[in-house]
1. Once both axes come from the Cα atoms, what is the angle between helix 67-86 and the longest principal axis of the chain, in degrees from 0 to 90, rounded to 10?
2. Out of E144, E40, E129, any idea which swings most in a Gaussian network model of the chain, alpha carbons joined below 10 Å?
3. Please give the helix 90-110 orientation as an angle from the longest Cα principal axis of the chain, in degrees from 0 to 90, rounded to the nearest 10.
4. Sort K68, K63 so the one with the fewest other Cβ atoms within 10 Å of its own Cβ comes first.
5. Note the angle between two axes, namely the Cα long axis of helix 137-150 and the longest principal axis of the Cα atoms of the chain, as a number of degrees from 0 to 90, rounded to the nearest 10.
Amino acid sequence: MEILAKCSTCDAGLPVHAGDAPAAIKCGGCGREIPLTISESVRTDSAVDRCPICNGADFYIRKDFDPKLGLTVVIIGALISAGFYWFGRDLIAYSILASAALIDLIVYGRLRDVTVCYRCHSEFRGAYERRAPAFDLHTADVLELEYERRIGRR
Ligand SMILES: [Zn+2]
Ligand SMILES: [Zn+2]
């Protein structure tokens, strides 16, 4: 399993292999030591049961999608279709726009789920069975506040 540990001080993302993770990692952004408590399930890639960074046990699932990439496809499609529209080829313009949206949908549908920790926003990718529920705003509000109080950000 691959972990993207989020530094609680500067929000940098630090990639960690769960299989051979050290007891602590040092943040490349701010130099903070982040202790890791990797559970047996996380180490063996069977489940995400406990967050190695914040020790929380609440996670949600989201599509592993880079919004910037999707937006680029739509913008490029829109630009090309605007060009055709300018020259009075409406039909071509609309079909290019439609196919850009379609490409987006296909890319989105093929993406795998990523598990995210509600508290520290660390991300987990691997072959394990996805068991976490979808994102819930209320849960996120409660848990993030609790975590930020604990680490002294609020
Ligand atoms: Zn940092
Ligand atoms: Zn966490």
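Nothing in this text is a laboratory measurement; each read-out follows from the coordinates by a stated rule. If you're wondering where the values come from, they're calculated on a predicted model, not measured in any experiment. Heads up, the Cβs are rebuilt from the backbone with ideal geometry, glycines too, and the neighbour counts pull from every protein chain shown.
1. Once rounded, one gets 10 degrees.
2. For the chain, modelled as a Gaussian network with Cα springs under 10 Å, the answer is E129.
3. 20
4. Arranged by neighbour count, lowest to highest, K68, K63 become K68, K63.
5. 40
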